[in-house]
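The values are calculated or read from the model by the stated rules, or taken from the named source; none is laboratory data. Here the structure is a predicted model, which means the values were calculated and not measured. Neighbour counts run over all protein chains shown; Cβ positions are idealised from the backbone, glycine included. Accessible surface areas use protein heavy atoms only, side chains included; no ligands, DNA or RNA. Shrake-Rupley method; radii C 1.70, N 1.55, O 1.52, S 1.80 Å.
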Amino acid sequence: MKFNSKVIHAGQAPEETSGAVMPPIFQTSTYAQQAPDVHKGYDYARVGNPTRTALEKLIAGIEEAEACAAFASGCAAMDALMKMLRPGDHVVASNDLYGGTYRLFTQVFAPFGIEYSFVDMTRTENVEAALRPQTKMLWIETPTNPLLNIVDISALTGIAKPKGILTVVDNTFASPYLQQPLLLGADAVLHSTTKYLGGHSDVIGGAVATSHKAILENLRFQVKCTGAVPGPMDCYLTLRGIKTLSVRVERSCDNARKVAHYLREHPLVKDVRYPGFEDHPGHETAKKQMKDFGGMVSFTLKQDDIPSAHLFMQHTRLFTLAESLGGVESLISHPASMTHGSIPAEVRHKAGLNDSLIRLSCGIEDGDDLVEDLGNAFNALT
């Protein structure tokens, strides 16, 4: 099947007892057994649930993976991957990654002896220079959050594989519709399913898809032992969201393109970050590994300060000021004080995350209405 069919049918089949087309919500905590350890594939709902299984099969299918493990959030999925590591192990990660990832790495796992190097991964020589004998994992975001830098997945996996270093790609910003990291050599792909996969801002979830046996065994073990699993209703909502992934992301990409070009011509805008621009440093790499350039746009104001950014964001109507991204509605956020507030200012500035940087998640509204909404906010600045 091609991708647009996979989001509907991958790993899915009518429910056996009733023929239900959509997977039922199996709202149960336990399952009857014929004899001790003799059952129909499920014994306790922390370990497995048929609704969760349907979701995992669907995500594995659209990411071209052998299997997937679903979690209660994207952070829970990251936590499970980090628990593969041991004190003294070393991770090389993007220097402009999601603030929650940075917080998890530096404040939760670093005190346990896991070491991290945060580098500009858009330059492969930076990654090679950061490698140590103790390096066990490359943590890749592309496009990065919120600077929308593009990292060459194939180039970095080519460096890592001969050295036995695992490569994990956070594919949340792109979604499987635009980018499939496993086909580019990655060992595992992570999602906050809250975002584009769920797509309706009504559910929290995470997932890791992989064909790597050791990673999958670790994920299953973490699911059983630590129990950070999604409930059946959460799985159902995410399943339903994925069915429309292709049409939603395609529309978001179209709107982002229109918004980015509008912003670039506005006299109050200093810089627009959008991989679709031909002069974007990662444009050619994005063309190579992505189907389109995504629904995210970031920009800075010529008046580069936090009060100006706050004033602007308080005057949009269709762009809702809120955390998150990837929903059908357009969202606007200020990374320095919201999603990336846990990153020290000097670290943010060094990575290029300025005080006035504003991040837009373009939804599926009419693109002209979104442009008009931004225009009204600019009027408030003047």
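Give me the dipole magnitude in Debye, nearest 20, for the range 180-255 about the Cα centre, with unit charges on the beta carbon: positive for Lys and Arg, negative for Asp and Glu. Present the calculation step by step, with values, prior to reporting the outcome.
Numbers: 8 positive and 6 negative charges, 29 e Å.
Dipole about the Cα centre, nearest 20: 140 debye.
Per 0.36 nm of contour for each residue apart, how much would the distance between Arg132 and Glu265 grow if the chain were fully extended, relative to their Cα-Cα spacing?
This chain segment gains 43.4 nm when fully extended.
Determine, for the range 143-270, the count of lysine pairs separated by eight or more sequence positions (or lying on different chains) whose alpha-carbon distance falls under 22 Å. Working shown, then result.
Details: Lys161/Lys213; Lys163/Lys213; Lys195/Lys243; Lys195/Lys258; Lys213/Lys224; Lys258/Lys270.
Lysine pairs, 8 or more places apart or on different chains, close enough: 6.
Find which of Ile358, Asn379, Pro344 sits farthest along the positive direction of the dipole of the range 337-382, computed with +1 on the beta-carbon of Lys and Arg, -1 on that of Asp and Glu, about the Cα centre.
Pro344
Work out the length of the dipole vector of the range 105-173 about its Cα centre, built from +1 on the beta-carbon of each Lys and Arg and -1 on the beta-carbon of each Asp and Glu, and round it to the nearest 20 debye.
Details: 5 positive and 7 negative charges, 51 e Å.
Here the range 105-173 has a charge dipole of around 240 debye.
Size of the dipole of the chain about the Cα centre, Lys and Arg at +1 and Asp and Glu at -1 on the beta carbon, nothing else charged, in debye to 20?
For this selection, approximately 780 debye.
Under a cut-off of 15 Å between alpha-carbon atoms, report the aspartates and glutamates in cross-link reach of Lys6, not counting same-chain residues fewer than 8 places apart.
Glu56, Glu63, Glu64, Glu66
Let's test the formula: R0 of 41 Å, r as the Cβ-Cβ distance of Ser211 and Gln303. What FRET efficiency results, to the nearest 0.05? The partial results should precede the final answer.
Numbers: r = 49 Å, r/R0 = 1.19.
Plugging the Cβ-Cβ distance into 1/(1 + (r/R0)^6) gives 0.25.
Tell me whether the range 12-86 comes out rounded, prolate or oblate; compute the Cα gyration tensor, take square roots of the eigenvalues as a ≥ b ≥ c, and use a/c under 1.5 as the rounded threshold.
Cα axes put the range 12-86 in the oblate bin.
For the chain, just the Cα atoms, rotate onto the principal axes and tell me the three extents in Å, largest first.
Taking max minus min along each principal axis of the Cα atoms, the chain gives 74, 51, 34 Å.
Which ³J(HN,Hα) values, rounded to whole Hz and listed in residue order, are derived for the range 151-166 from phi using the Karplus coefficients 6.51, -1.76 and 1.60 in 6.51 cos²θ - 1.76 cosθ + 1.60 with θ = phi - 60°, glycine and proline given as x?
10, 7, 5, 4, 5, 6, 5, x, 6, 6, 4, x, 9, x, 8, 6
For a quick size check, give me the Cα extents of the range 276-327 along its three principal axes, largest first, whole Å.
38, 27, 14
Please calculate how many Å² of accessible area the chain carries per residue, with a 1.4 Å probe and no DNA, RNA or ligand atoms counted.
I get 42 Å² per residue for the chain.
Once the Cβ-Cβ distance between Ser5 and Glu329 is put in as r, and R0 is 30 Å, what FRET efficiency do you end up with, to the nearest 0.05?
Efficiency for this residue pair is about 0.65.
Provide the net charge surrounding Gly241, with neighbours chosen by a C-beta distance below 13 Å and charges set as Lys +1, Arg +1, Asp -1, Glu -1. Show your work: numbers first, answer last.
Working: positive: Lys195, Arg240, Lys243, Arg248; negative: Asp202, Asp234.
Taking every Cβ under 13 Å from that of Gly241, the sum is +2.
Going by the alpha-carbon gyration tensor, a ≥ b ≥ c the square roots of its eigenvalues, is the range 81-224 rounded (a/c under 1.5) or, if a/c is not under 1.5, prolate (a/b greater than b/c) versus oblate? Intermediate values should be presented prior to the final figure.
Numbers: a/c = 1.37, a/b = 1.19, b/c = 1.15.
Cα axes put the range 81-224 in the rounded bin.
Can you give the FRET efficiency for Glu66 and Thr17, using 1/(1 + (r/R0)^6), R0 = 41 Å, r = Cβ-Cβ distance, to the nearest 0.05?
0.90
For the range 275-342, state which GluC sites (Glu not before Pro) are in a DSSP loop and have at most 11 other beta carbons lying within 10 Å of their beta carbon.
Numbers: sites: Glu278, Glu284, Glu323, Glu329; in loops: Glu278, Glu323, Glu329.
Listed in order of number, the matching sites are Glu278, Glu323.
Give, as ranges by residue number, the residues of the range 219-238 whose backbone N falls under 19 Å from the point 7 Å along Cα→Cβ of Asp37.
Counting backbone N atoms under 19 Å from the label point, the list is 221, 224-225.
Compute the signed sum of charges (Lys and Arg +1, Asp and Glu -1) over the other residues within less than 12 Å, Cβ to Cβ, of Asp89. Walk me through the numbers on the way to the answer.
Details: positive: Lys83, Arg86, Arg132, Lys136; negative: Glu115.
So the environment of Asp89 carries a net charge of +3.
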